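Okay, structure first, notes after.
Just so it is clear, none of the values below were taken in a lab; they were calculated from the coordinates. Source: prediction; values computed, not measured. With ideal geometry, Cβ positions are generated from the backbone for all residues, glycine too; neighbour counts draw on all protein chains shown.
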Ligand SMILES: *Cc1c(COP(=O)(O)O)cnc(C)c1O
């Protein structure tokens with residue numbers, strides 16, 4: 001038998017989340033962001049489930065080809081641009097569109113011209129200060145790009161450093177200030193793509209004719225202060241396993257490596273087949289919940305490579321073989337992430353290759 005751990009991808013949830021975010025986008029077109037293997041859910045599954053989207057936005061060059069091979073025939077955007085000049089061959093071969101974010105990129109295009117209809121998007125820096133031209137450079141950048149034979153400027157985009165409403169209070173890089181930094185461009189409708197999940201959901205002042213939606217497609221709230229049930233999206237991944245051993249320990253007995261947990265009462269400890277080699281973070285603190293038989297039980301002791309230990313003293317009817325949900329429909333991955341001091345996206349991307357993935361159509 002294989003170890004009982006598995007990641008279940010809920011295809012129906014992915015599909016309904018995409019439909020929901022398409023409604024949120026309204027008149028704007030929806031780029032479904034599928035970077036990092038669709039936030040850990042599998043690019044091919046995203047291709048199947050995100051029919052409601054108008055295009056896919058990727059970071060990895062080879063995801064363009066992967067998406068085409070999986071049957072995606074709508075638009076694809078290489079969202080961080082090319083990394084090496086030869087990347088543009090793949091962009092063109094698979095009919096994708098490419099972000100240009102700096103002068104070096106423009107020079108490469110000038111040196112490789114003429115192109116056969118290369119469609120580019122100008123990335124602007126609205127305060128994140130990682131990629132993009134200054135908004136005031138946009139007219140000249142556009143002119144320069146359009147002067148290159150075979151290049152068509154499709155539009156402008158920016159990625160907000162902060163887009164949660166909570167952030168609006170007294171912070172420098174508030175959405176209000178990021179919009180201000182964009183100047184008149186912020187008012188542009190045609191060929192403008194500014195909003196990520198948070199901005200699309202909560203910031204109607206962010207305009208444009210397209211949105212780039214990632215995290216909420218996977219059923220995760222972009223702002224832990226606003227639970228995902230309030231925005232009507234469904235968790236799309238369940239990470240589950242089983243209890244593979246049970247120990248009854250006495251007060252004073254310790255559990256696991258480093259004896260990091262010592263019982264203070266007669267305790268029932270379940271050993272669960274899930275460890276850091278599955279991608280469950282070793283820094284997960286004691287007390288982080290797992291879901292067993294309808295209740296939450298705390299992780300105790302250290303997460304090991306292949307197993308974790310859980311205090312099930314207060315859980316009814318646990319036996320070897322009892323299912324355990326590490327996160328999913330009953331226990332939200334963002335709650336687990338919060339306990340670990342991180343965000344859900346990191347946990348979803350950390351699942352390792354030895355964990356089998358299965359699909360259901362719920
Ligand atoms: C990841 C990413 C997004 C999606 O953001 P979410 O908060 O996950 O919706 C949008 N734009 C760019 C440039 C990104 O890198």
Rounded, prolate or oblate: which fits the chain when a ≥ b ≥ c are the square roots of the eigenvalues of the alpha-carbon gyration tensor, with rounded for a/c under 1.5 and prolate only if a/b beats b/c?
prolate
Can you put 1, 11, 225 in order, fewest other beta carbons within 10 Å first?
1, 225, 11
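Rounded, prolate or oblate: which fits the stretch 1-84 when a ≥ b ≥ c are the square roots of the eigenvalues of the alpha-carbon gyration tensor, with rounded for a/c under 1.5 and prolate only if a/b beats b/c?
Working: a/c = 2.17, a/b = 1.20, b/c = 1.81.
Oblate is the answer for the stretch 1-84, as a/c is 1.5 or above yet b/c matches or exceeds a/b.
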Could you line up 133, 115, 50 from fewest to most neighbouring Cβ atoms inside 10 Å?
115, 133, 50
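Helix-only mean residue ellipticity at 222 nm, the chain, DSSP H runs n ≥ 4 weighted -39,500 (n - 2.57), per residue, nearest 500. What is it? Intermediate values should be presented prior to the final figure.
Numbers: 11 runs with 91 residues, N = 362.
Result for the chain, helices only: -7000 deg cm²/dmol.
At a Förster radius of 35 Å, what calculated FRET efficiency corresponds to the Cβ-Cβ distance of residue 330 and residue 189, to the nearest 0.05?
Working: r = 42 Å, r/R0 = 1.20.
The pair residue 330/residue 189 has a calculated efficiency of 0.25.
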Taking a ≥ b ≥ c as the square roots of the Cα gyration tensor eigenvalues, with a/c under 1.5 meaning rounded and otherwise prolate when a/b beats b/c or oblate if not, the stretch 11-218 comes out oblate
When you count, for each residue, the other Cβ atoms within 10 Å and take the mean per peptide, how do 350-358, 306-314 rank with the highest first?
306-314, 350-358
In which sequence would 15, 23 go, from the one with the fewest C-beta neighbours within 10 Å to the one with the most?
23, 15
When you count, for each residue, the other Cβ atoms within 10 Å and take the mean per peptide, how do 98-109, 283-294, 254-265 rank with the highest first?
98-109, 283-294, 254-265
Could you work out the equivalent-ellipsoid semi-axes for the stretch 237-360, taking the square root of 5 times each eigenvalue of the Cα gyration tensor, largest first, in whole Å?
23, 16, 13
